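Remarks on the structure that follows.
The values are calculated or read from the model by the stated rules, or taken from the named source; none is laboratory data. Everything numeric here is computed off the predicted structure, so don't read it as measured data. Please note: Cβ atoms are built from the backbone with ideal geometry, for glycine as well, and neighbour counts cover all protein chains shown. Remember, those area values only see protein heavy atoms, side chains included, never the ligands or the DNA or RNA. Shrake-Rupley method; radii C 1.70, N 1.55, O 1.52, S 1.80 Å.
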Amino acid sequence: MSLTRAMRRFLPLVCILAAFLARVASGQSISVPWSDLGHGPQHTGLSQFPANTMSRIEWQAPVDLDPQYSGNDLYIHYGSPVVTQSNTVIIPVKTGAQGGFRVEGHSATSGSLVWTQTTDYILPAHDWTPSCGICLTPRNRLYFPGAGGTVYYRDVPDAAVSTGTGQIAFYGISHYLAAESTYQDNVQIDTPLTSDRYGDIFFGFTVSGSNPLGLQSGIARIDSSGAGTWVAASTAPGDPNIVEVVMNCAPALSNDQKTLYIAVSYGSFQGGYLVALDSRTLAPVAHVLLKDLIYTASDALLADEGSASPTIGPDGDVYFGVLENPFLSNHDRGWMLHFNGALSMEKTPGAFGWDDTCSIVPSSAVPSYTGTSSYLILTKYNNYADPGVGGNGINKVAILDPNATEIDPISGATVMNEVITVVGVTPDAALLSYSPNAVMEWCINSAAVDPSTKSAIINSEDGKVYRWDFTTNSLTQSVVLTPGIGEAYTPSIIGPNGMVYVINNATVFAVGP
């Protein structure tokens, strides 16, 4: 069938309009139940699905086939599971003692293995083992890290066999293939992946040696068509002494998704910046040098052993957890620093920030709250009693008012006001000689918040997962997962069928009614 002259004339406009509408459609709220760390690109931890009653383990699967223990501790950060609209749970799995990874898709209802795909991802140099962080886009494409700073994708993550798979590189896959061993040796992804609403992805990477393109450690963006760009970590704040993106720091996006936030540093356990970049071009927009709250002449410490990532509040404020400097001056609790979206104003911080990505709690979900803030934040609130640290071991989780203040009884600093807190219930036998009230640590780096039932799902090093009921301010449900172990902090997740997912002792547990 031939086209008329008028149709030929308007065809280019029609194509442009169709492309525009497709992009808008892909950017609208095609809701992904859980796409990355903390649920989505703002890392709020807010679930749109109510969590089921927790009464038993429905199924479980290892996330580490060869966990390496240090005594009774497990210093490994595991990547957050993600969940598709069709209720496939996808988990990154460590397969060897020092590395080696694959990604698995499981049925959320039975836990049965639907598919598995290996990756040649190589971990960056590290102390605590960093995470292998995956993400889902609104188009239901799964991305996961590969060797040499590359990423793999899978277009049908709910099917046993995917028709669309591939490997791409932010600097061009042809460059990677032309010097494969060089890039594998010298370039590694060192943060979880984050997707925006258009299917573009962002991550940090580290460069440890020379390479044909002169790549430096920095932040990468790959758009939905596979085209990539990057900016050096030192360029983002305009400081040539910056050497890395903070390990495990998942990039976060503003609510309008125009601004990308991530932390860069002078090296592990040193100072650094929270930076804001244009999410389309990675051009620097703003930066702030992160400072200790009490010793304001000291840079706050950014440790590669942690997993703190920025959280974006509904009003655009940015929250980011750091360690105190001098170290242990705040009992190893750090600070939850708090800025406006432009990073031009520092606001009241929280009294705890170490290895913590705070979650957002609507004020209406806390019936006892009488303040004026439209939302609150949930953080760990451990007060470590380990030798030399100085705390009392009364480890809590807290809901804080970001716009109200109190004097912290430990540091004397002006911090966010406590709205409600809850204390762990299991005594920590190893620390009772230091503090008779010591309890096991809360073990979350990002807590799932369930506004519909006014509760949160929180994991503990006592080997149990708990529901924290905000109405009664009590732990109303718990399920025993393991005998308990000291471990790097892990996320909690809620799927579209209400199933709760937590990681404890190198295993992901699906908990339900």
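Miscellaneous remarks
- Single unsatisfied condition, Met416 versus (1) part of a strand (DSSP E or B); (2) surrounded by fewer than 16 Cβ atoms within 10 Å (Cβ to Cβ): (2)
- All of (1) of a type in the set (Val, Ile, Thr); (2) more than 30 Å from Gly498 (Cα to Cα); (3) not in a strand (DSSP E or B) hold for Thr405 with one exception: (3).
- For the stretch 316-361, filtered to residues that are at positive phi and of a type in the set (Asp, Glu), the residue that is most open to solvent (accessible area, probe 1.4 Å) is Asp332.
- Evaluation of Gly390 against (1) farther than 28 Å from Leu481 by Cβ; (2) open to solvent by less than 10 Å² (accessible area, probe 1.4 Å); (3) of a type in the set (Gly, Ala, Ser) (one fails), failing number: (2)
- Matching option when the condition is in contact (Cβ under 8 Å) with a residue 24 or more places away in the chain and farther than 24 Å from Ala447 by Cα, among Ser329, Ser307: Ser329
- Among the candidates Pro81, Pro50, the residue that is buried (at least 23 other Cβ atoms within 10 Å of the Cβ), of a type outside the set (D, E, K, R) and either at pLDDT 95 or above or farther than 15 Å from Met499 by Cα (or both) is uniquely Pro81.
- The condition of being within 26 Å of His39 (Cβ to Cβ) and of a type in the set (Asp, Glu) holds for Asp450.
- For the stretch 218-232, the criterion of being in contact with a strand residue (DSSP E or B) (Cβ under 7 Å, 6 or more places away or on another chain) and charged (D, E, K, R) is satisfied by at least one residue.
- Given (1) under 20 Å from the mean Cα position of the chain (by Cα); (2) open to solvent by less than 20 Å² (accessible area, probe 1.4 Å), number of the condition Phe269 does not satisfy: (2)
- The criterion of being surrounded by 16 or more Cβ atoms within 10 Å (Cβ to Cβ) and either under 30 Å from Pro310 (Cβ atoms) or under 19 Å from the mean Cα position of the chain (by Cα) (or both) holds for Gly45.
- Close pairs from the stretch 170-186: first on the phi > 0 side of the Ramachandran plot and crowded, with 16+ Cβ neighbours inside 10 Å, partner in a helix (DSSP H, G or I) and among the aliphatic types (A, V, I, L, M), Cβ under 7 Å, at least 6 apart: none
- The set of residues from the stretch 216-238 being free of Cβ contacts under 8 Å to residues at least 40 places away in the same chain and either in a loop (DSSP other than H, G, I, E, B) or surrounded by fewer than 20 Cβ atoms within 10 Å (Cβ to Cβ) (or both) comprises Gln216, Ser217, Asp223, Ser225, Ala227, Ala232, Ala233, Ser234.
- Considering Leu337, Leu378, Leu323, Leu293, the condition of being within 16 Å of the chain's Cα centre (by Cα), of a type outside the set (Phe, Trp, Tyr) and modelled with pLDDT of 95 or more is satisfied by Leu378 alone.
- Cβ-Cβ contacts under 7 Å between residues 6 or more apart (or on different chains), taken from a first residue in the stretch 140-166 that is in contact (Cβ under 8 Å) with a residue 40 or more places away in the chain and within 16 Å of Ala227 (Cα to Cα) to a second residue that is open to solvent by less than 10 Å² (accessible area, probe 1.4 Å) and assigned to a helix (DSSP H, G or I), are listed as Gly149/Tyr183.
- Looking at Leu213, Leu253, just one residue is closer than 27 Å to Gly267 by Cβ, open to solvent by 50 Å² or more (accessible area, probe 1.4 Å) and among the hydrophobic types (A, V, I, L, M, F, W, C), and that residue is Leu213.
- The residues of the stretch 425-477 that are under 23 Å from the mean Cα position of the chain (by Cα) and among the hydroxyl-bearing types (Ser, Thr, Tyr), listed by number, are Ser446, Ser452, Ser455, Ser460, Tyr466.
- Residues satisfying the stated conditions in the stretch 88-99, i.e. of a type outside the set (Val, Ile, Thr), open to solvent by less than 30 Å² (accessible area, probe 1.4 Å) and farther than 13 Å from Val508 by Cα: Gly96, Gly99
- Residue count for the stretch 122-156 satisfying the condition of being more than 14 Å from Ile91 (Cβ to Cβ) and open to solvent by 10 Å² or more (accessible area, probe 1.4 Å): 15.
- Residue pairs whose Cβ atoms lie under 7 Å apart, separated by 6 or more positions or on different chains, with the first residue in the stretch 364-378 and under 12 Å from Lys454 (Cα atoms) and in contact (Cβ under 8 Å) with a residue 24 or more places away in the chain and the second among the aromatic types (Phe, Trp, Tyr) and in a loop (DSSP other than H, G, I, E, B), are Ala365/Phe470; Val366/Phe470.
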